[in-house]
Amino acid sequence: MVMAKMVSAGLVLAGAKGNGGAEGAVTISQFGLPNGLDVVVIPDHRTPVVTHMIWYRAGAADEPRGKTGIAHFLEHLMFKGTKAHPEGEFSRTVAELGGEENAFTSSDYTAYFQRVAKEHLRTMMEFEADRMRGLVLTDAIVDPEREVVLEERRMRTDSVPVSQLGEAMTATAFVNHPYGAPIIGWKPEIEALNRADALAFYQRFYAPNNAILVVAGDVEPAEVKALAEDTYGKALPTPDLPLRMRAKEPQPVAARKVVLSDRRVEQPLLQRMYLAPSYATAKPGEAEALDVLAQAMGAQSTGRLNQRLVLERKLAVSASAWYAGTALDDHLFGIYAVPAQEVSLEQLEAALDEVLAEMAQGGFSDAELKRAKTRLVADAIYQRDSQSALARNFGAALTTGLTAAQVIEWPRLIERVSGEEVKEAFRWLEKKRSVTGYLTGTAS
Amino acid sequence: MTAKTIVATSAPARATSARKVVSPRGVEAWLVEDHANPLVAVQFAFTGGSSQDPQGKPGVAYLMSGMLDEGAGPYDSIAFHQRLEDLAIDLNFDAGRDYFTGTLKTLTQYRDEAFELLRLSLHEPRFEPEAMLRVKAQALSELRHEANEPNAIARNAFAAAGFPDHPYGLPQKGTLETVPQITRDDLEAYRAKAFARAELKIAVVGDIDERVLAEELDRVFADLPSRGELALVEHRVVRGGEKRNIDLPIPQSVIVFGLPGLARNDKDYVPAVVMNHILGGGSFTSRLWTEVREKRGLAYSVYSSLSPFKHGPILAGATSTKNERAYESISVITAEIKALSRDDVSADELEKAKKYLTGSYALRFDTSTKIARELLQAQLDDLGMDYFKHRNEEIAAVEARDIARVAKRLLDTKRMLIVIVGQPV
């Protein structure tokens, strides 16, 4: 099962009128059930297929102290069975119906989905509603799955130096907030996770009043409403749902540096992460400005970093930037650069700081800004072609403190970002807010 | 016994609306019109791919895929990229073993400009020295990054062991030694021999009608030479019966395994698809998934798949297991392959596999890009435009004895090639 870590990409969505040129926007329906379940329906009648997703407002940042990895471990265990449908019956049914399924865990949410022919939507909703409250776990089920998660960690992180650097940098970027812990968990804590931990997290967070149902595809809102009432509507809400109060991250005062040296590394690289507001914590327009900034600075070929560091000064073979703004609390803005041969990371970092200073001082040309915004808005229109991409965007937004209206409004807000606002966004890129990471083959 | 399965034999509606469009000058494409969103997706492929790299210079086709958008016609590299970005046009190229592919995605309002940029990239690429150096530096940086990346090492080692002295045995991205030697002339020579109308297939989906598409096909593709001069690639059966260990200090062993597969036009190919689904196909119910992951917790991922390469088809799979249990994983996988070659599959297991394969077919057609990919692949595989209508019937007709026949034909563990990267103990 996939573990999604948020990187780049804002809330790309919907089509506004503008230089992207597409008229109209995505039409969605939104309603709630009496037990607190929020529902979003995104009709797309081109193919007789639906994407059915349930999103929980619970992710790695909601874990109790000392239990890193439990949100993700639970995600795995959710496939094991319930009283009504034991031993993987759900997955067997999905497969028999020709469906695809998976799940992913992020810092702020955990989501489960199936993609099936539309006539099977009810069956999926019945199973998923049952699994919201009916999970059954035994040690015989939990123990081998813990090994699977440890293998997943070995595969994604422990065998991959660049992932190890990313993990170390994130842990350094957040001095207090749980975003600093890896979503998959720290190894010694994963090893100690057990059945009781999983059930405690499940009982605390998996409830209709802490979930969002997103259905996209060849279906009408009224039909989804009736089905949802029949299935999820029967699940009892949790009366004293805990508030998502995480440890507070202080404003940073000290620039930090993380060096990972490993003899396996033959291609060094430079990374930087800055603590920055997210869409949920930013003042109006600030997060949009950060998205435009990441694009104007970091676009693959036309971004300013590529222009200066790769094309002109030939100090790097590639350079890019990202903004992970889809988060409930302050999150990260990042830069990534691969040095040219014979260029040291120190040299590259010094040049990067010069280019950043130049941009902070002089801002961007109108052409650069227009290009960045055109791309962001166009990507939103391209996404309208994919029901599952749309479903994911709404789910991620609604579990990180945003509304569906904000998602639909997003392209218009991007177009409204001014050059002055982009310049202003450089206040989040002060060195003292940052962690710089070096990946090297030998100690440097 | 006939198949008693009641399967969803309904065909994917959007694909069955495909039409063949022939331009005034004779360029053919398959088109699915869809005006729901203001975008057009194009996918095309030239036969060739990296197996047409010149002798001693692997990596030419791959480098080419990075050079075609580095300036063309009146635009230098920067201007070309700015033009693409100003209009939010996605233009990408890629080189596989057998095909050199291109994709174009544009908003309707910039369709004209998008096709023009595609035309320029195919007919008038500049291949300027500065851009060559830069793109080669990027390719070399990727190769250095992959030098100790276990999956890349395993992939390359598997190819080298399975296809010695054959283009399939060479690394597609080239090597640290060969990439610096690639010249502009190599790219031009590749272009001349592979970018030809006889080698070309095109699929288009989205907000464009037949008349406009016909004009664009002529503009972009009609002036290509009618025939290429592809080198003859020898047919090979992947060489197996061997286990190769490659030492790498990581906590987990990456295991790649493979056997000879089947050509796409083999009469047993469809039963082989069903067989592979049962063995290690893409749902959480395959035998490998159940035995390796669910029961024993040996790995996060384990799968097998059919790759019907034109000159040496394979059935290959992979997993990753901590070093202490790597050999246990290999034993379990080998035992499952043996069991499937020996024992008939049950009626129930067969029925479930067929239901999955037929039921999930529609999921491949829910975005324009995915539909274009299917339309292109059906042309490359020479399946005919009717294929989308009868594909599910072909799957539904597979019987247990077909599986038994194809399993005996393919699943001979003595012929397995296994590559292990890590420090298994």
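Remark: A:A360 falls outside the filter, which requires a residue to be buried (at least 18 other Cβ atoms within 10 Å of the Cβ) and either modelled with pLDDT of 95 or more or more than 19 Å from A:D291 (Cβ to Cβ) (or both).
Only one entry of A:A181, A:A235, A:A216, A:A207 meets the criterion of being within 20 Å of A:T399 (Cβ to Cβ), touching a helix residue (DSSP H, G or I) at 6+ places or on another chain (Cβ under 9 Å) and modelled with pLDDT under 95, and that entry is A:A235. Can you find a residue in segment B:285-303 that is on the phi > 0 side of the Ramachandran plot and in the same structural domain as B:Y356 (by TED's automatic domain parsing)? Checking segment B:285-303: at least one residue is on the phi > 0 side of the Ramachandran plot and in the same structural domain as B:Y356 (by TED's automatic domain parsing).
Taking the options B:V237, B:V233, B:V220, name whichever one is more than 14 Å from chain A (Cβ to nearest Cβ), within 26 Å of the chain's Cα centre (by Cα) and surrounded by fewer than 16 Cβ atoms within 10 Å (Cβ to Cβ). Criteria check complete, one pass: B:V237. Here the helices (runs of 4 or more DSSP H) wholly within segment B:10-126 that include at least 3 residues being under 21 Å from the mean Cα position of the chain (by Cα) and within 30 Å of B:L170 (Cα to Cα) are B:60-67. For segment A:163-206, enumerate the residues that are of a type in the set (D, E), surrounded by 17 or more Cβ atoms within 10 Å (Cβ to Cβ) and within 23 Å of A:K80 (Cβ to Cβ). Matches in segment A:163-206: A:E189, A:D197.
Selection over segment A:71-116 of residues that are crowded, with 24+ Cβ neighbours inside 10 Å, small (G, A, S) and within 13 Å of chain B (Cβ to nearest Cβ) gives a count of 3. Scanning segment B:387-398 for residues being farther than 11 Å from B:V270 by Cβ and among the acidic types (D, E) gives a total of 0. Being more than 30 Å from A:R244 (Cα to Cα) and either in a loop (DSSP other than H, G, I, E, B) or modelled with pLDDT of 95 or more (or both) is a property that holds for A:K17.
Every condition in (1) at the interface with chain A (Cβ under 10 Å from one of its Cβ atoms); (2) surrounded by fewer than 21 Cβ atoms within 10 Å (Cβ to Cβ) is met by B:I371 except one, and the failing one is (2).
The strands (runs of 3 or more DSSP E) located wholly in segment A:256-329 that include 2 or more residues which are within 11 Å of chain B (Cβ to nearest Cβ) and either without any contact (Cβ under 8 Å) to a residue 60 or more places away in the chain or more than 22 Å from A:G441 (Cα to Cα) (or both) occupy A:316-324. Among the residues of segment B:287-304, is any modelled with pLDDT of 95 or more, under 20 Å from B:V419 (Cβ atoms), more than 14 Å from every other protein chain (Cβ to nearest Cβ) and surrounded by fewer than 23 Cβ atoms within 10 Å (Cβ to Cβ)? Checking segment B:287-304: not a single residue is modelled with pLDDT of 95 or more, under 20 Å from B:V419 (Cβ atoms), more than 14 Å from every other protein chain (Cβ to nearest Cβ) and surrounded by fewer than 23 Cβ atoms within 10 Å (Cβ to Cβ).
State which residue pairs qualify: first residue closer than 25 Å to A:L269 by Cβ and inside segment A:346-370, second residue small (G, A, S) and at pLDDT below 95 in any location, beta carbons under 9 Å apart, and separation of 6 or more residues or different chains. From segment A:346-370, the pairs are A:E346/A:S444.
When you look at A:L11, is it surrounded by 19 or more Cβ atoms within 10 Å (Cβ to Cβ) and modelled with pLDDT under 95, yes or no?
yes
Inside segment A:371-406, can you point out the residues that are in contact (Cβ under 8 Å) with a residue 40 or more places away in the chain, under 20 Å from A:I28 (Cβ atoms) and in contact with a strand residue (DSSP E or B) (Cβ under 7 Å, 6 or more places away or on another chain)? Matches in segment A:371-406: A:I381, A:Q387, A:S388, A:L390, A:A391, A:F394, A:G395, A:L398, A:T399, A:A404.
Taken together, the residues in segment B:254-281 that are part of a helix (DSSP H, G or I), more than 14 Å from chain A (Cβ to nearest Cβ), touching a residue at least 40 places away in the same chain (Cβ under 8 Å) and not hydrophobic (A, V, I, L, M, F, W, C) amount to 1.
So that you can scan it fast, the table gives a plain yes or no per residue for (1) in a loop (DSSP other than H, G, I, E, B); (2) not polar (S, T, N, Q):
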{"site": "A:M53", "(1), (2)": "no, yes"}
{"site": "A:R65", "(1), (2)": "yes, yes"}
{"site": "A:A84", "(1), (2)": "yes, yes"}
{"site": "A:S91", "(1), (2)": "no, no"}
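The values are calculated or read from the model by the stated rules, or taken from the named source; none is laboratory data. Just so you know, these numbers come straight off a predicted model, no measurement behind them. Every residue, glycine among them, receives a Cβ derived from its backbone with ideal geometry; neighbour counts consider all protein chains shown.
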